[in-house]
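The next block holds one structure in the form of structure tokens; read it before the comments.
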Amino acid sequence: MTYLIDTNIVIYYFNGLTDDESIHTILADSFKISITNKIEFLGWG
């Protein structure tokens, strides 16, 4: 199964604001991110 992940979920995950094991599993296995979300994430840092 493939998931479309929102930028906020990725940011929360990398900031340690969520400890949901299912998010770790999704990010480790397979997900898709839109080009808009990718730009938002890269500009976040």
Failed criterion for Thr18 (all others in (1) of a type in the set (S, T, N, Q); (2) in a loop (DSSP other than H, G, I, E, B); (3) over 12 Å from the mean Cα position of the chain (by Cα) hold)
(3)
Kindly list, by first and then second residue, each pair from a residue in segment 22-45 that is over 14 Å from Asp6 (Cβ atoms) to a residue that is part of a loop (DSSP other than H, G, I, E, B), limited to pairs with Cβ atoms under 6 Å and residues at least 6 apart or on different chains.
Ser30/Thr2
Could you run through segment 21-45 and say how many residues are of a type in the set (Gly, Ala, Ser) and surrounded by 11 or more Cβ atoms within 10 Å (Cβ to Cβ)?
1
Can you name every residue in segment 4-20 that is surrounded by 14 or more Cβ atoms within 10 Å (Cβ to Cβ) and touching a strand residue (DSSP E or B) at 6+ places or on another chain (Cβ under 8 Å)?
Ile5
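None of the figures in this text is laboratory data; all of them are computed from the coordinates on show. Here the structure is a predicted model, which is why all the values come from computation and not from measurement. Using ideal geometry, Cβ is built from the backbone for each residue, glycine included, and neighbour counts are taken over all protein chains shown.
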